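For reference, the structure discussed in these notes is given below.
Every read-out reported here was derived from the displayed coordinates using simple, explicitly stated rules and does not represent laboratory data. Worth saying up front: this structure is predicted, and the values here are computed from it rather than measured. FYI the Cβ positions are ideal-geometry reconstructions off the backbone, even for glycines, and counts take in every protein chain you see.
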Amino acid sequence: MAAPKKGRRSSGSQGRPGRALVAILVAIVALTAGMFISGHTKPRLGIDLAGGTSFTLEAKNQPGKPNAINSDNMNTAVNIIERRVNGLGVSEAEVQTQGDKHIIVNIPKGMDAKQARTQVGTTAQLYFRPVVTYTDGKKTKPTASPTPTATGTGKSNDKGKASSTPTATGATGTPSASSASSSSQGRAVSEGLKADKTPSASESPSASESPKASETPKATETPKGESSKADDLTKQLADLECTTPADRAKAREKAAGAKPSDSVVACDRDGSRKFILGPSQVEGTDVKNAASVYDSQGGGGWIVELNFTGSGGKKWAKVTGELAKQQPPQNQFAIVLDGEVYSDPRVDESIVGGRAQISGPDFDQKNTSDLANVLSYGALPLSFDIADETTVSAALGGEQLEAGLIAGAIGLALVVVYLVVYYRGLALIALASLAVSAVLSYTIMVLLGPGIGFALNLPAVCGAIVAIGITADSFIVYFERIRDEIREGRTLRPAVERGWPRARRTILVSDFVSFLAAAVLYIVTVGKVQGFAFTLGLTTLLDVVVVFLFTKPLMTILARRKFFASGHPWSGLDPRRLGAKPPLRRSRRTTATAPADPKEA
């Protein structure tokens with residue numbers, strides 16, 4: 001005996017609507033809890049709402065270098081300017097390119113505009129400075145002897161983890177196996193300054209003219225002026241604090257303002273070490289190009305290759321010849337950009353030929369690429385002029401935010417009035433869905449602030465207002481499908497299930513078009529318009545989530561309640577008001593029993 005056929009069981013939220021409602025409730029609780037745990041309960045506001053200063057920088061080519069303005073150089077400039085601004089303790093700053101040769105810098109309130117102008121308008125300077133000594137980045141007490149020593153294991157400044165010091169070699173050479181450890185005690189500052197005494201660019205001899213070791217003055221011959229200078233640098237090193245971004249910003253600004261011929265005290269990028277550095281002997285303009293490559297033949301992994309100009313190659317040969325004679329850490333040179341040490345490789349041999357490689361055991365594609373960009377940018381003939389500066393007061397931003405919220409409230413009120421008048425009881429489902437969508441949108445925007453730096457600007461508020469209409473449109477599509485089924489003579493529960501597949505297709509197509517438009521707008525635009533596109537895309541995705549996991553399951557549950565199932569006049573599903581046909585089953589039964597001819601009755 002054949003088993004009786006069972007009716008087709010609805011799937012997903014149709015069969016078990018309670019599970020979908022529990023899932024979205026858990027998501028809301030988790031997001032809200034995450035918001036309070038993170039300590040951020042309000043969205044981060046953009047400069048147009050919170051107030052602040054906006055700079056527009058225009059890139060300029062220097063004479064003789066007409067093709068320096070390109071996307072790679074502009075992106076590198078953005079990274080450097082962003083580090084400058086964020087080093088002042090303002091992590092909410094926005095730095096991005098606009099067009100081919102402009103960079104927009106938005107700095108929220110709470111930061112000195114004059115200091116910001118100095119930071120963003122200064123051209124980056126790259127120097128290669130010999131390392132005299134280094135120590136831990138914390139502030140220390142100066143010792144009686146003017147001889148600070150290098151403490152701890154040498155570190156690759158490109159990764160920030162304890163490791164061997166990176167090595168600079170010739171393009172085809174290898175580091176010497178007999179090199180001393182960088183943890184060895186450094187020489188006296190006064191002796192280091194004498195050993196690293198820098199000739200001017202015009203005095204730099206070629207590689208074949210490297211001075212003999214015997215020509216280096218002995219430490220006992222240090223003049224009083226050099227000794228006094230060493231004492232001063234020793235005191236500066238002891239007083240220097242590198243552990244906080246604000247301290248590093250001060251140190252960077254001071255070191256960047258020093259002349260190339262001066263010795264300086266500087267921090268590395270993560271603040272773990274501080275250095276005394278000798279006068280610069282090679283500058284960034286002496287570098288022709290630099291690239292991150294993978295050394296598959298030599299087995300060295302990721303390395304940085306440098307090519308120097310003709311005069312730069314001669315300087316480089318002399319400098320490396322002198323450094324190779326020194327003991328650690330004075331056989332190292334620091335790559336200093338904007339007064340901050342990016343890397344400090346050691347030198348084991350004189351490097352001639354105008355080519356060099358920098359390698360290290362912790363080097364990977366990312367940090368070698370970063371270092372290559374730094375080396376390349378130091379040679380770029382790019383400078384920036386401040387083309388425009390706009391200051392937005394917090395009061396004006398508050399007025400704009402208030403106006404945006406009023407506009408959103410008016411739009412929401414009009415939607416609510418329309419839903420109540422036209423859909424009556426169904427308006428409760430729509431309003432509950434709008435409330436869920438609003439909670440999800442708000443919590444996600446709050447969490448995206450510290451997460452990815454999302455800032456709610458005025459265009460983003462406009463995107464959220466437009467999303468109200470998109471979300472309401474999805475409810476209307478579904479409600480109208482249900483009402484169409486009731487007009488065909490079906491009861492509410494079958495109408496809810498039969499109307500869902502048709503409404504689902506329409507909702508998905510509509511939301512896909514809206515999301516595609518938002519994605520394209522986000523990609524092809526810059527600046528504040530991206531805020532509108534981002535908010536519109538986010539709320540469109542949330543519309544799909546809310547309709548599938550909340551609106552449909554809630555409608556399925558309420559269809560079993562007498563108020564809606566009986567077609568109450570205030571339910572919005574009254575068959576008589578909708579002009580419904582007689583029930584389909586009764587219509588078929590009457591047709592089957594009616595006589596073919598009235599005369600036969």
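Suppose the chain between Leu405 and Arg19 were pulled fully straight at 0.36 nm per residue; how much longer would it get relative to their current alpha carbon spacing?
Working: separation 386, 0.36 × 386 = 138.96 nm, distance 3.46 nm.
Roughly 135.5 nm would be gained on extension.
A Förster radius of 60 Å combined with the Cβ-Cβ distance from Lys259 to Arg505 puts the calculated FRET efficiency at roughly 0.25.
Ordering Asp232, Asp370 by the number of other Cβ atoms within 10 Å of each residue's own Cβ, fewest first, gives Asp232, Asp370. By the beta-carbon count within 10 Å of each Cβ, the least crowded to most crowded order of Arg248, Arg493, fewest first, is Arg493, Arg248. Karplus-based coupling profile of segment 435-440, in residue order and whole Hz: 5, 4, 4, 5, 5, 4, with θ = phi - 60° in 6.51 cos²θ - 1.76 cosθ + 1.60 and x standing for Gly or Pro.
For segment 410-445, list residues with backbone N below 18 Å from a point placed 7 Å from the Cα of Ala33 toward its Cβ? Under cut-off, by backbone N: 440, 443-444. Close amide-amide hydrogen proximity is noted between Ser343 and Ile335, each under 5 Å apart and 5 or more residues distant or on a separate chain (H modeled in the peptide plane; Pro and chain starts excluded).
For the cross-link pairs Lys138/Lys235; Lys314/Lys366; Lys101/Lys254; Lys288/Lys315, which exceed 23 Å when the distance is taken from alpha carbon to alpha carbon? Display every interim value, and only then the final one.
Values: Lys138/Lys235 13 Å; Lys314/Lys366 30 Å; Lys101/Lys254 29 Å; Lys288/Lys315 13 Å.
Exceeds cut-off: Lys314/Lys366; Lys101/Lys254.
Which peptide among 319-325, 99-105, 255-261 comes first, and what is the full order, when sorted by highest mean count of other Cβ atoms within 10 Å?
Details: 319-325: 21.9, 99-105: 17.4, 255-261: 15.1.
Ranking, from highest mean packing down: 319-325, 99-105, 255-261.
Put the Cα centre of segment 342-377 next to the Cα centre of segment 445-509 and the gap is 55 Å.
With 0.36 nm allotted per residue and the present C-alpha distance subtracted, the Val293-Gln365 stretch has 25.1 nm of extension available. When each of Thr140, Thr556 is scored by the number of other beta-carbon atoms lying within 10 Å, the sequence from fewest to most is Thr140, Thr556. What the phi angles of segment 349-364 give under the Karplus curve with 6.51, -1.76 and 1.60, with θ = phi - 60°, is a coupling list of 7, 5, 10, 10, x, x, 10, 8, 10, 10, 10, x, x, 9, 6, 10 Hz, glycine and proline written as x. Taken one residue at a time, the phi angles of segment 70-76 give Karplus couplings (6.51, -1.76, 1.60, θ = phi - 60°) of 9, 5, 5, 5, 5, 5, 5 Hz. Gly and Pro are set to x.
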